[in-house]
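Enquirer: Attaching a single structure in structure tokens format; questions to follow.
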Amino acid sequence: MTTFVLRFSPTPRGARLARRLASHQMDLWGWAYGSPVHDTVELVVAELAANAVTHGRVPGRDAELRLHRQDGEGLVRVEVSDVRGERLPLPAADGRTPLADRGRGLVLVGALAEEWGVTERPGGPGKTVWALVATGPALRPAPAVTPSGKVRT
């Protein structure tokens, strides 16, 4: 299993950074920008990171993103942790009206992920919201070619 870890500030800018670096990491792992697996992981990270900075923010305490590449199982596990363990995500059917302007992020995560859930944050206060995204075989990134036609390794 290969793991990518990022601590980010619990701000909209921090959530955006988490999404962008997760996107870059997926490309490095072989799922090209725009591929279904890449875009699914990017969207799941965006939703979970936005929730962490919106509902789990404590000034001065970072949130954390972890991506676990589980090749043998054909999965990428996305984890986003924050320090507000008492603020658990609401179930999808919590009585929101169809025209509400909030509350659809975890519905999207549930539709895109094989499974998702919440656990206690390991090694500290808070919670970790996780999602499992199914992958196909990773495509090897194309080798970089210089203008002179040489392949960079």
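None of the figures in this text is laboratory data; all of them are computed from the coordinates on show. As the structure is a prediction and not an experimental result, all values here were calculated from the model. Here Cβ is always computed from backbone atoms with ideal geometry, including for glycine, and neighbour counts include all displayed protein chains.
Enquirer: Of ALA63, GLY74, HIS38, which is farthest towards the positive pole of the range 17-79's charge dipole, taken about the Cα centre with +1 and -1 on the beta-carbons of Lys, Arg and Asp, Glu respectively?
Expert: ALA63
Enquirer: Hey, another quick one. Taking all pairs of different Cα atoms in the range 1-63, averaging 1/r and flipping that mean, what Kirkwood radius in angstroms comes out?
Expert: Value: 12.0 Å, from the Cα pair sum.
Enquirer: Apply the Karplus curve 6.51 cos²θ - 1.76 cosθ + 1.60, θ = phi - 60°, to the phi angles in the range 36-50 and return the couplings in whole Hz, x for Gly and Pro.
Expert: Values, residue by residue: x, 5, 4, 5, 5, 4, 4, 5, 4, 4, 4, 5, 5, 5, 4 Hz.
Enquirer: Right, next: Tell me, what HN-Hα J-couplings in whole Hz come from the Karplus equation 6.51 cos²θ - 1.76 cosθ + 1.60 at θ = phi - 60° for each residue of the range 68-85, using x for Gly and Pro?
Expert: 10, 8, 10, 4, x, 9, x, 9, 10, 9, 9, 10, 10, 10, 9, 9, 9, x
Enquirer: Taking θ = phi - 60°, what integer Hz values does the Karplus form 6.51 cos²θ - 1.76 cosθ + 1.60 yield along the range 107-123, in sequence order, with x for Gly and Pro?
Expert: Couplings: 5, 5, 4, x, 6, 8, 8, 5, 6, 8, x, 10, 9, 5, 6, x, x Hz.
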